[in-house]
Structure formats: structure tokens, C-alpha cells
Amino acid sequence: MRSAFGTTFDVPLGYLNTASVGIPPAPAASAVSDAVRRWSTGLDGPTSVDPNVAAARTAFGQLVGVPVDRVAMGASGSQLVALVAAGLPAGSSVLVARGEFTSLTFPFAARGLRVTEVDLDELVAEAGSHDLVAVSVVQSADGRIVDLEGLRATGVPVLLDASQAVGWLPLDLGWADWVVAVGYKFLMAPRGCAWLACSASALERTVPAAANWYAGDDRWTTVYGLPLRLAPDARRLDISPGWLAQAGAAASLTYLASLDLSAVRDHNVALADTLLAGLGLPARGSAIVSLDLPSAGERLTEAGVRSSLRAGRVRLAFHLYNAVPDVDLVLSALG
């Protein structure tokens, strides 16, 4: 077990794959185990998940700087992005970063909208010619961070995917039209949970295409029959929650929302930039490092380092449970 930022993690030396799968704090893992026990022994009722959904929703809003009544709950990033895509007029033009993660871009392309790719550093300059910019705050493939202030200044509607940012990068994104993120990376929650934060005006433009009983105004009086009676706030976009995922999310996100995320960012970035310095490479200021080194993946695997291969390069990701010995293990393997 490792101790970090006031809690413990059952994470092995050399685990640098948070950009794929985050390791939960021990209390979050226990919460999921307890949820399995309750499920397996018939202790839960139909409303048992509601406190966890509320806690995770509240914490997500705090982490991205959006009021809780403008945060919707879903199961995956693409499922929530599809609600945004459904609300765009036919023929809308969407600007995205070249090589963007496809769960952000495919919903727009599948709807038949015009999707244009440009290099990440060209987004701000090109934004004015499009109806929406959809971009990750931190790029999945290589950890580059988008120019948030530049995007904000364009005045063009923006959808931000914070999946590789929220949980380690301090965020105040209340200005954005939409902010989406999955729970299983730096938020350290189980798979099966995601959130969409909306501005007040964007909420009105987002289509509840998966309308269901859990999105009802008063769930236990809207479970049968018509007419349509959806919640007046972002809950109208909810889907029925995954119980086990929400148990872990409530614990992990509430914990993260209690931390000084500036300290988490400084910790993560210091480790990543120390690794780059040891390899003779310039600092990048991100928790995610992408390396184009011969046979790096094989050498890291042999040394017991958990990483991933993305866009033809080895990707390493540092989080609050990592420490200098993880950096040393990588440098030893690649030296």
C-alpha cells in the first residue's frame, strides 16, 4: 500500500497507466466491495444508489467549476457527447484537434455534421469559422494542454473533454458551453460513470435523446405513463445509473474535491518533468508523457512498468499516488 494525499492506494511500483485506468483510493475500493456485498445479500432497495449519484454529481461540479444543477450523469463520454451532437442543427460545422480521441469526434461525424481537423495549436485561430469547437483539455495521445483562455476569448461555443485533466489539473470551466469527462482515469472511479456539465444556455440546446424514468421530474411519480415529465435541470439528461460505478465514484470524486488540486498538479507535473529531464528532453508541464524511443515499450514492460501505446508512442501518466521511485524505474529501464 502507498500513502499519498491523506489516503492509501494499493498500487504497485511502476504503475504509470492512469491515463488508461486510474487506481482507486482504498476507501473507494472498499465502497465498491461493500456495494457488491449489499447487492449480493439483497440489502439494497430502488433508491439506495441515489445518495451516491448525488455525491458524485456534486463533486464533479466542484471539480470543473459548474453548479450541481447543471451537471448530468451518464455512463460514458461518447454517450453524453451524442446528446450535444443531437442538438446541433443539420449542417453545423465542428472544429476538432487533429488526432483527437474518437469518443469525442465520432458522435458528430456519425450525425453527419461537418467535422474539420486542425493541429491543436491552430484551434483558436480557426475557431471563428465554425459553429462549435470540441477538444480535450489534455490530449489523450500525448498530454498536450489546449489553450483554454484562447478558446474562451473566441466566443465560439465550446465542448471540452476533461477526461484526461479533471482530477489532477485545477479547472474553472463554468464559461464553457459543455464539459464532459469519464470517471475511470484521473478521477479514479470505476468504468461506467461519466458526467456532462452545461452552461445555462447550452442545457437548453442539449437533447435528452436517452430520456428515461431516472430523468423524470419526480422519479417515483413519473415511472409510468405519459405525458413526458422530465426534470427542469440537468437531471433531464441523466440515464439510469450503474450502481457499483456510482458507489466508487461518490468516494473517489468526493475525496478529490477535498484536495488542493494545485498541489496535485505540481506533484504530478514535477514527476513527469523529472522523467523528461532524465531522458534529456524538455519539460512539458503535463501529467502525461509521450515518448518516441526505440523499443521503449518492450523495455518498460520487462522492467515491470505499466504504460500504454498510443499513436505509435509510449504513454506514461503520473498521478498523486506516484513517487520518485517510479521515475527511477523508468530511467533505469530506458537508460
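Identify, please: which residue in region 31-46 is touching a residue at least 24 places away in the same chain (Cβ under 8 Å) and exposed (fewer than 15 other Cβ atoms within 10 Å of the Cβ) and is, among those, nearest to ALA250 (Cα to Cα)? Once the filter is applied, the top-ranked residue is ASP34.
Applying the set (1) of a type in the set (Gly, Ala, Ser); (2) in contact (Cβ under 8 Å) with a residue 60 or more places away in the chain; (3) surrounded by fewer than 16 Cβ atoms within 10 Å (Cβ to Cβ) to ALA109 leaves exactly one unmet item: (2). A Cβ distance below 8 Å, combined with a sequence gap of six or more or placement on separate chains, defines the contacts here; from region 312-335, residues that are of a type outside the set (Phe, Trp, Tyr) and open to solvent by 40 Å² or more (accessible area, probe 1.4 Å) reach residues that are modelled with pLDDT under 95 and part of a loop (DSSP other than H, G, I, E, B) in the pairs GLY312/ASP292; ARG313/ASP292. Taking the criterion of being surrounded by 19 or more Cβ atoms within 10 Å (Cβ to Cβ) and either among the aromatic types (Phe, Trp, Tyr) or free of Cβ contacts under 8 Å to residues at least 60 places away in the same chain (or both), the only residue of region 223-237 that qualifies is ALA231.
Going by what's in this entry, would ARG114 be described as under 30 Å from SER258 (Cα atoms), over 15 Å from the mean Cα position of the chain (by Cα) and of a type in the set (D, E, K, R)? Considered against the rule, which asks whether it is under 30 Å from SER258 (Cα atoms), over 15 Å from the mean Cα position of the chain (by Cα) and of a type in the set (D, E, K, R), ARG114 comes out as no. Restricting VAL53, VAL68, VAL64 to residues that are open to solvent by 40 Å² or more (accessible area, probe 1.4 Å), closer than 19 Å to GLN246 by Cβ and hydrophobic (A, V, I, L, M, F, W, C) narrows the list to VAL68. Counting the residues of region 292-310 that are more than 16 Å from ASN322 (Cβ to Cβ) and surrounded by 14 or more Cβ atoms within 10 Å (Cβ to Cβ) gives 5. If only residues of region 87-106 that are assigned to a loop (DSSP other than H, G, I, E, B) and farther than 22 Å from PRO208 by Cα are counted, the one that is most open to solvent (accessible area, probe 1.4 Å) is ARG98.
At least 3 residues being at pLDDT 95 or above and under 30 Å from ILE23 (Cβ atoms) is the threshold, and among the strands (runs of 3 or more DSSP E) wholly inside region 107-214 those reaching it are 132-136, 158-161, 178-182, 194-198. Residues of region 215-245 that are outside any helix (DSSP H, G or I) and among the β-branched types (Val, Ile, Thr): THR222, VAL223, ILE239.
The values are calculated or read from the model by the stated rules, or taken from the named source; none is laboratory data. Keep in mind that this is a model prediction, so the values were computed, not measured. Every residue, glycine among them, receives a Cβ derived from its backbone with ideal geometry; neighbour counts consider all protein chains shown. Side chains are part of the model used for accessible areas, which takes the heavy atoms of the whole protein and leaves out ligands, DNA and RNA. Shrake-Rupley method; radii C 1.70, N 1.55, O 1.52, S 1.80 Å.
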